[in-house]
Each structure stands twice: as C-alpha cells, then as structure tokens.
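So the structure is just underneath, and the comments pick up after that.
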Amino acid sequence: MSFENIQISVDQGVGVITLHRPKAMNALCSPLMDELTQVLDDWEHNSDVRAVVVTGNEKVFAAGADIKEMQSKTFVDVHTENFITAGWERITTFRKPVIAAVAGYALGGGCELAMMCDFIIAADNAQFGQPEIKLGIIPGAGGTQRLTRAIGKAKAMDLCLTGRNMAVEEAERAGLVARVVPVDDLMDEALKAARSIASYSMPSVMLAKDSINSALNTSLSEGMMIERRMFHSLFATDDQKEGMQAFVDKRKPAFKDK
Ligand code: CAA
C-alpha cells in the first residue's frame with residue numbers, strides 16, 4: 001500500500017504510521033484520515049503487526065484538522081457528512097496497542113489524535129494545545145472530553161478557553177504524557193516500548209488495554225469485575241502456563257498467543 005499523506009512500515013512486530021504533510025504542518029485533512037483508517041483496517045487483521053506507533057516529524061506531530069478544508073463548510077455540511085465521526089475515530093476502536101510518539105506541535109485535532117492513542121511518548125520539544133477557540137469553534141474530536149478525563153477540568157478549561165499551548169513538562173505533570181524523552185531519541189524510545197509490547201502474549205496485551213479503557217466508562221465496582229474476570233480468563237491460555245513456567249525455569253517465555 002502506498003499513500004499520499006502518510007508513510008507506513010512494519011518491522012519486528014511494530015507498525016509505524018508517519019503523518020506526512022510537511023508543507024501543511026501535517027494538518028489532518030480528510031484524505032489523510034481516510035488513509036489512516038485504511039491502514040488500521042488492514043493492520044487489525046495483520047498478525048505481523050502487534051503494536052502500532054503513530055508519529056509526525058521533529059517539528060510537528062499534527063497542527064490540527066485542516067483549516068483550509070473546513071473553512072467554507074456550513075453547519076449543514078458538517079452535520080450531514082457527520083464530520084469527525086465519519087472517518088476520524090478508527091484509532092479508538094483499533095484493538096492492538098497504539099503509541100503516539102509526539103515531537104513539536106500537537107494542536108487541535110493533532111492533540112486529539114494523540115489522545116485517541118493508548119499512550120503518548122513525547123519529545124522534549126512537544127507542545128500540546130486546543131486552539132480551536134481562536135478560530136471561532138471548539139474542539140470536535142475529544143479536546144473537551146478526552147482531555148478533561150486526562151488532565152482534569154481546571155487545565156482542560158484553561159487550554160480550551162484560552163487556546164494557549166502547554167509545554168511538555170506541564171503536559172507530563174498533568175498526566176497527558178506517559179514519558180518525555182530527548183527529541184533525538186523519540187523514535188528509538190517509542191519503538192523500544194512498542195517492541196516490548198509486541199513481545200508479550202497478544203491475548204493478555206489486548207485484554208489489558210480493554211480493561212484499562214473500561215475504567216473510563218464504569219463505576220469502580222463494575223470495572224473491578226471486568227478486570228477480575230479478564231484476569232481469570234487468561235488462566236485458560238497456554239501463554240499463562242508458559243509465562244509462569246519460564247519464570248520458574250529462569251528463561252525467556254516463548255509466547256504463542258494461544
Ligand atoms: N490546517 C491547514 N493548514 C495549516 C494548519 C492547519 N491546521 N496548520 C498549519 N497550516 C499550514 C499553514 O497555513 C502554512 O501554509 P502556507 O505555507 O501555505 O501558508 C503551513 O502550514 C505552515 O504553517 P505556519 O506558517 O503557520 O507555520 P509556523 O511554524 O509559523 O506555525 C503553528 C506553526 C503554530 C502550528 C501554526 O501553523 C498554527 O497555529 N496552525 C493552526 C493550529 C490550529 O489552529 N489547530 C486547530 C485546527 S481546528 C481543529 O483541529 C478542530 C478539531 O478539533 C478537529
């Protein structure tokens with residue numbers, strides 16, 4: 001597969017999607033989001049892909065939805081085409097782990113796309129923000145919802161209402177970012193994390209992801225029940241026997257995803 005707005009590769013169990021519209025600060029136009037959806041649809045069923053990294057370039061992850069594409073749209077246009085809902089959210093239903101490796105600007109839809117991933121590894125030059133208010137709109141891909149759940153009401157209000165950028169130190173303190181690494185090490189660190197995830201038993205990796213995501217939508221007691229039953233179910237796998245036997249034997253486990 002070859003694409004106009006993204007570049008892709010698969011190596012050592014990890015699929016990498018690089019957003020690639022350098023002249024437009026990787027603005028997320030509809031063709032780019034369609035290409036992203038197409039790749040994820042394909043990789044969902046590709047057993048060579050066990051984890052995914054989504055990244056941009058050293059200066060920008062993505063500067064948001066494409067303002068020039070949106071500029072002339074009317075309410076009826078965006079409502080009828082179901083803008084955002086149709087085509088933007090495939091990453092949130094992708095069942096394998098997705099890491100956002102963010103350097104430079106992650107603004108508007110760029111910040112929202114990073115938040116759709118399972119966690120963010122950020123470079124020390126990363127900046128996050130929801131500047132939509134400056135355009136006469138509000139975030140439409142999770143900037144008032146996922147951001148509020150990630151960093152709380154006070155900071156989400158501050159960012160969405162002032163439109164200011166948040167530097168990476170603040171983003172890490174606030175809990176938006178899992179780790180901060182030097183910009184030159186970003187891809188190495190993201191790939192190292194993704195390869196380590198890819199080396200584990202996929203049923204346990206995928207259930208861990210499901211279980212954590214359920215924490216955002218359930219009461220604690222419901223969430224604990226989900227976790228407990230998923231934990232129990234993994235004792236039905238050969239990989240649980242192998243993982244524990246390997247520990248006892250002091251060797252590396254050979255997981256078979258069974
Ligand atoms: N859409 C379309 N084009 C964009 C863009 C965007 N979101 N962001 C940047 N570009 C384009 C610029 O128009 C410019 O194109 P030209 O060379 O043809 O003029 C090119 O990318 C380079 O941009 P700048 O000259 O502005 O670069 P800079 O280094 O001076 O500034 C920036 C970088 C701070 C990211 C600045 O480009 C910027 O503020 N971009 C817009 C950020 C924004 O408002 N994002 C929210 C979009 S709305 C949204 O995302 C809605 C949603 O919730 C889904």
Q: Please work out which one of (1) surrounded by fewer than 20 Cβ atoms within 10 Å (Cβ to Cβ); (2) within 16 Å of the ligand (Cβ to nearest atom) is the condition Leu28 fails and give its number.
A: (1)
(Q) Please pick out the residue among Arg179, Arg173 that is out of contact with any strand residue (DSSP E or B) (no Cβ under 8 Å at 6 or more places or on another chain) and either at pLDDT 95 or above or farther than 18 Å from Met116 by Cα (or both). (A) Arg173
**Q.** Selected residue [charged (D, E, K, R) and surrounded by fewer than 14 Cβ atoms within 10 Å (Cβ to Cβ)] from Asp185, Asp118
**A.** Asp185
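Mind telling me which of the residues Asp158, Asp124, Asp77 ends up being within 22 Å of Glu58 (Cβ to Cβ), more than 11 Å from the ligand (Cβ to nearest atom) and among the acidic types (Asp, Glu)?
Among Asp158, Asp124, Asp77, only Asp124 is within 22 Å of Glu58 (Cβ to Cβ), more than 11 Å from the ligand (Cβ to nearest atom) and among the acidic types (Asp, Glu).
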Q. Can you tell which of Thr93, Thr162 is among the β-branched types (Val, Ile, Thr) and either under 28 Å from Asn46 (Cα atoms) or at pLDDT below 95 (or both)?
A. Thr93
Q. Just checking, how many residues over the stretch 51-102 are in a loop (DSSP other than H, G, I, E, B), touching a Pro at 6+ places or on another chain (Cβ under 8 Å) and in contact (Cβ under 8 Å) with a residue 60 or more places away in the chain?
A. 1
Q: Please find, among Glu4, Glu35, Glu44, the residue that is closer than 30 Å to Ala208 by Cα, modelled with pLDDT of 95 or more, more than 14 Å from the chain's Cα centre (by Cα) and surrounded by fewer than 16 Cβ atoms within 10 Å (Cβ to Cβ).
A: Glu44
(Q) Step by step: first the residues of the stretch 127-155, then only those that are surrounded by 20 or more Cβ atoms within 10 Å (Cβ to Cβ) and not in a helix (DSSP H, G or I), then the one that is farthest from the ligand (Cβ to nearest atom). Which residue is that? (A) Phe128
Q) Just one of Gly108, Gly87, Gly15, Gly64 is buried (at least 23 other Cβ atoms within 10 Å of the Cβ) and either β-branched (Val, Ile, Thr) or more than 16 Å from Gln127 (Cα to Cα) (or both); which is it? A) Gly15
Q) Does Ala123 fit the bill of being in contact (Cβ under 8 Å) with a residue 24 or more places away in the chain and surrounded by fewer than 22 Cβ atoms within 10 Å (Cβ to Cβ)? A) no
Q) Out of all the residues in the stretch 2-12, is one or more under 19 Å from Ile197 (Cα atoms) and touching a residue at least 60 places away in the same chain (Cβ under 8 Å)? A) yes
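The values are calculated or read from the model by the stated rules, or taken from the named source; none is laboratory data. Please read all numbers here as calculations on a predicted model, not as lab measurements. Glycine also receives a Cβ, built like all others from the backbone with ideal geometry; neighbour counts cover every protein chain displayed.
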